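Asker: Quick one: the structure is below, questions incoming.
The values are calculated or read from the model by the stated rules, or taken from the named source; none is laboratory data. All values reported here derive from a predicted model rather than from experimental measurement. Please note: Cβ atoms are built from the backbone with ideal geometry, for glycine as well, and neighbour counts cover all protein chains shown. Ligands, DNA and RNA are excluded from the accessible area calculation, which covers all protein heavy atoms including side chains. Shrake-Rupley method; radii C 1.70, N 1.55, O 1.52, S 1.80 Å.
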Amino acid sequence: MVKPANRIITGAHYGLKDWLVQRITAVLMVVYIGLLIVFIVVYQPESYEEFKALFSIRWIKIASLLFFAGLCWHAWVGVRNVLMDYIHPMSIRLTLQIMCIVALLGYLIWFLDIMWG
Amino acid sequence: MEAQYPARRRPKYLNLLKIREPLPAVVSILHRISGVLLFFPGIPLFLYGLQLLLQSPETFASLQSGLAHPLCKLFLLLATWFFLHHLFAGIRHLMLDLHYGLQLEHARLSSKLVLIFGAALTMLAGVWLW
């Protein structure tokens, strides 16, 4: 007896995950930006000390990190889509994709350094 | 067998410089271009600005004087427009995903709104900057 193939023939649904991630990160980023604008309007920071104090509040630091990580993930999905659409030779596309991933990881470390360094 | 067309010459290929894009297509390609530009040079410039803002009172002062330069303001305004267009076109995308505004006339109206809101808020930001 032949076993039925234990797989979904319509694809691995990698695209669906990316599509969903891009939208969830987009909504989270909008929420963060909205909160930050409210905070800045309420506290009206003007000097270096006031900005420093604002970004020293722990939950703002954590929310900012979540925002930036979401931004990186969002950017990766978008840039990957763009590269898949326009860059067809596999060697060039893969090189560019690796460069983007390395850049995004570097940005993330830079961000951590600014916030916690 | 090829179909015989009357005297009217039909284009043999899509020349992006010759065809007139419908409004939703303009919004869509601007969404993509603004996204790429926000990724680069957007993110590194944003991080550089954040670093200047938070590192020390001296870097904070240099950020302030740098942003006071008219060219810098113009650049910031352009970046604001890219960001706002990307934001509004993205919201439109989410609405389309939820099956709002799928009819042609609604899609045209919403793309018009995206362009108008992006430009209007950018101008407001410009007024605030100067």
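Asker: List pairs: first residue in segment A:103-117 and within 9 Å of another protein chain (Cβ to nearest Cβ), second residue charged (D, E, K, R) anywhere in the structure, Cβ distance under 8 angstrom, at least six positions apart or on different chains.
Answerer: Hits for this filter: A:115/A:61.
Asker: Return yes or no: is residue B:99 surrounded by fewer than 14 Cβ atoms within 10 Å (Cβ to Cβ) and out of contact with any Phe, Trp or Tyr (no Cβ under 7 Å at 6 or more places or on another chain)?
Answerer: So residue B:99 fits the description; yes.
Asker: Can you tell me which of B:117, B:83 is modelled with pLDDT of 95 or more, out of contact with any Pro (no Cβ under 9 Å at 6 or more places or on another chain) and surrounded by 19 or more Cβ atoms within 10 Å (Cβ to Cβ)?
Answerer: Going through B:117, B:83 in turn, just one is modelled with pLDDT of 95 or more, out of contact with any Pro (no Cβ under 9 Å at 6 or more places or on another chain) and surrounded by 19 or more Cβ atoms within 10 Å (Cβ to Cβ): B:83.
Asker: Scan segment B:16-65 for residues that are more than 19 Å from the chain's Cα centre (by Cα) and open to solvent by less than 30 Å² (accessible area, probe 1.4 Å) and report the count.
Answerer: Result for segment B:16-65: 9.
Asker: Among (1) modelled with pLDDT of 95 or more; (2) more than 10 Å from chain A (Cβ to nearest Cβ); (3) more than 27 Å from residue A:79 (Cβ to Cβ), which single condition is residue B:67 missing?
Answerer: Only one criterion is unmet by residue B:67, namely (1).
Asker: Could you please let me know if residue B:106 is touching a residue at least 40 places away in the same chain (Cβ under 8 Å) and open to solvent by 40 Å² or more (accessible area, probe 1.4 Å)?
Answerer: Considered against the rule, which asks whether it is touching a residue at least 40 places away in the same chain (Cβ under 8 Å) and open to solvent by 40 Å² or more (accessible area, probe 1.4 Å), residue B:106 comes out as no.
Asker: Sticking with this structure for a sec: Could you list all residues from segment A:22-47 that are open to solvent by less than 30 Å² (accessible area, probe 1.4 Å) and either assigned to a loop (DSSP other than H, G, I, E, B) or closer than 11 Å to residue B:54 by Cβ (or both)?
Answerer: A:45
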